[in-house]
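Chemist: Dropping the structure in here first, questions after.
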There are 2 protein chains.
Amino acid sequence: MLLSDQAGQAAATKIPRPATLRESVIEAIQELIVSSQLKPGQHLVESELAELLGVSRQPVREALQQLSGEGWVDLHPGQGAFVHVPTLEEADQLLAVRTLLETESARLAAEHAGEGGVRQLRSLCARGIAAVQSDDVDSAVALNSELHALVTALSGNAVLAELASQVARRVRWYHTPVARQRGMASWDEHTALIDAIEAGDGQRAARIMREHTEHTRASYMEQRENDPVEPAPKPVRRRRPRTPQAG
Amino acid sequence: MLLSDQAGQAAATKIPRPATLRESVIEAIQELIVSSQLKPGQHLVESELAELLGVSRQPVREALQQLSGEGWVDLHPGQGAFVHVPTLEEADQLLAVRTLLETESARLAAEHAGEGGVRQLRSLCARGIAAVQSDDVDSAVALNSELHALVTALSGNAVLAELASQVARRVRWYHTPVARQRGMASWDEHTALIDAIEAGDGQRAARIMREHTEHTRASYMEQRENDPVEPAPKPVRRRRPRTPQAG
DNA sequence: TTTTCGTCGACTGCCTACAGCATACCGTCC
DNA sequence: GGACGGTATGCTGTAGGCAGTCGACGAAAA
């Protein structure tokens, strides 16, 4: 047997490459943002991030640019990078787009997902329900993302899946702090969705997904109304207080 | 009158900043790709591009990474950047996504576009028809893009518009070489679309836009079947022929 | 002849250094 | 007292340079 055949079969054993620094930095900054260690509107100084992460400015620059492309930070030429400030309006629009993309994904998934796909969905769903029942919120949130990602993947449209994935990441940022509410209801809807997909009923799958994401959206908007955030009214460049020249 | 007020009113007069080199390089490379001076699958060597454009490697690197995020080039870590090879299947999926996004945009535009919006649409449409009648294909293609962009903008959903714009750019790349066919029929459909938007009939606008983009898609697929492209079967790293050490 | 290993060349990834610019501070003039 | 211009400071944007790594080629072994 040729090694390449083996590799083809067990392709899952990809070596976790030490990845480029740039990618590591991207993930690190995303983590800093979602965990609110970097606050919306905050000026991101390249040299500070570089020192904080123990790398040079170059990987940081490249990471910031990629993050800008994905909507995490805003790049003002000559001024620098600022953590994006998620408007209520923008969040609403983003959730609307997510609804659109995922609804279509569900419709297509119902038409294209085979037995294997459905089995994977069931598995994820079971684990999600277990996580909720044991109050493991973090796992539940992660599994929720995985399940939605799998649905888009099963749509058979890679471009659609990629776009949906991008949108989902941003949604997750806005959504995470207030997502811990819906709990079990969400997973009941997931189960119904999988039933529809298994039955090959695209219309029903689409309808369920639409209602599902709209529920999420409504829950988010409701949460936000009680807890508005405006931490940086002036996204102005920060200036370090005059160093008092100790000496 | 305060100067800031003036600036607020005539915000269009933003100084065309000499933009960062990175942005200039991005546009230059995009231009090189759509004009087929850089062929699909071709290995993009940073130093060569840098010399060609008269800049250093850094802006080129950053540009390539941004272009990778938008699907123009593929980045293989440790190997470099390659011009993306548009599969027939992928083009189909991309066009499907475009249909989805623009259909929704049309629906929303019908609900949100005011008189001013409709007037702008009419103006663009008139200019487009004029361009077709005078066989000015380049203008017609450009105006077509502008009109679609305006529809998405009038949807009132900025996120949706941004996404649609990204997708449209890629579509334009795949599509441009074969786009010069549809001509007048396309602009008749545009007119009907604007009528629906003006009437505030979201359902009708969506239906027209769906059929419109599906026509485009069909026309594209038809063209492609007659003219398949596979310029780089092995997207392998290019190797410069051994320099014969003259001397 | 086919396979395997060693070597070479070239390119990427990263770091460091420099120039330009935007902003904030502060003394001066009206 | 308020506005204006000069000056200082920190940051970004860009360039150049070095080490690591990947692929290709060629020689040696089976």
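Chemist: Go through region A:55-72 residue by residue and turn each phi into a ³J(HN,Hα) via Karplus (6.51, -1.76, 1.60, θ = phi - 60°); whole Hz please, and just put x for glycine and proline.
Modeler: Values per residue, Gly and Pro as x: 10, 8, 5, 4, x, 5, 3, 5, 4, 4, 5, 5, 4, 5, x, 9, x, 7 Hz.
Chemist: Right, here's the next one. If each label sits 7 angstrom from Cα along the C-beta direction, how far apart, in nm, is residue A:24 from its counterparts in the other copies?
Modeler: 3.5
Chemist: Can you send over the carbon and sulfur percentage of the accessible area for region B:19-83, probe radius 1.4 Å, protein chains only?
Modeler: Details: 1490 of 2990 Å².
Carbon and sulfur atoms account for 50 percent of the accessible area of region B:19-83.
Chemist: Here is a further query. Mind checking which chain B residue has its Cβ closest to the axis relating B to A, and how many whole Å off it is?
Modeler: Closest Cβ on chain B to the axis mapping it onto A, in Å: B:69, 2.
Chemist: Next up: Over both sides of the A-B contact, add up the buried accessible area with a 1.4 Å probe and give it to the nearest 100 Å². Please report the intermediate quantities before stating the final value.
Modeler: Numbers: alone 14730 and 14720 Å², together 27360 Å².
Summing both chains' loss of accessible area gives about 2100 Å².
Chemist: Further question: Among the trypsin sites (Lys or Arg not before Pro) within region B:119-157, which fall in a DSSP loop and have no more than 12 other Cβ atoms within 10 Å of their own Cβ? Working shown, then result.
Modeler: Working: sites: B:119, B:122, B:127; in loops: none.
Qualifying residues, ordered by number: none.
Chemist: Now for a different question. On the protein heavy atoms, probe 1.4 angstrom, tell me the percent of accessible surface of region B:88-226 carried by carbon and sulfur.
Modeler: Details: 2930 of 6160 Å².
Carbon plus sulfur share of accessible area: 48 percent.
Chemist: Spelling out what I want: for every residue of region B:97-114, take phi, set θ = phi - 60°, compute 6.51 cos²θ - 1.76 cosθ + 1.60 (Karplus), and round to whole Hz; glycine and proline get x.
Modeler: So the Karplus estimates, Gly and Pro as x, are 5, 4, 4, 4, 5, 6, 4, 4, 4, 4, 4, 5, 4, 4, 7, 10, 5, x Hz.
Chemist: Please report, for residue B:126, the nm distances (one decimal) from its label point, 7 Å out from Cα along the beta-carbon direction, to the equivalent points in the remaining copies, shortest first.
Modeler: 6.6
Chemist: If I take all pairs of Cα atoms in region A:32-141, what percentage of them are more than 17 Å from each other? Could the numbers behind the result be given before it?
Modeler: Numbers: 4226 of 5995 pairs.
Percentage above 17 Å: 70.
Chemist: Residues with amide H under 5 Å of residue A:44's amide H, sequence separation 5 or more or different chain, H placed in the peptide plane at 1.01 Å from N; which?
Modeler: A:81, A:82, A:83
Chemist: Return the long-range amide H neighbours of residue A:73 (sequence gap of 5 or more, or a different chain), with a cut-off of under 5 Å between placed amide H atoms.
Modeler: Excluding prolines and chain starts, which carry no amide H, the hits are A:68, A:84.
Chemist: Continuing with this model, one more query. Taking a cut-off of 15 Å, what percent of all Cα-Cα pairs in region A:20-83 are separated by more than that?
Modeler: Values: 842 of 2016 pairs.
Of the Cα pairs, 42 percent sit more than 15 Å apart.
Chemist: If you don't mind, there's one more thing I want to ask. Residue B:39 label points, 7 Å along Cα→Cβ, one per copy: pairwise distances from this copy to the rest in nm, shortest first?
Modeler: Relative to the other copies, residue B:39 has label-point distances of 5.6 nm.
Chemist: If a/c stays under 1.5 just call it rounded; otherwise compare a/b with b/c (prolate if a/b is bigger, oblate if not). Do that for region A:88-226, with a ≥ b ≥ c from the square roots of the Cα gyration tensor eigenvalues.
Modeler: Working: a/c = 1.78, a/b = 1.26, b/c = 1.41.
Note, shape of region A:88-226 comes out oblate.
Chemist: Another question, if that's okay. State in Å² the accessible area per residue of region A:55-166; use a 1.4 Å probe, count heavy atoms of protein chains only, and round to the nearest integer.
Modeler: Details: 4460 Å² over 112 residues.
That works out to 40 Å² per residue.
The values are calculated or read from the model by the stated rules, or taken from the named source; none is laboratory data. These numbers come from a predicted model, not from an experiment. Positions of Cβ are backbone-derived with ideal geometry, glycine not excepted, and every protein chain shown enters the neighbour counts. Keep in mind that these areas ignore ligands, DNA and RNA; they rest on the heavy atoms of the full protein, side chains included. Shrake-Rupley method; radii C 1.70, N 1.55, O 1.52, S 1.80 Å.
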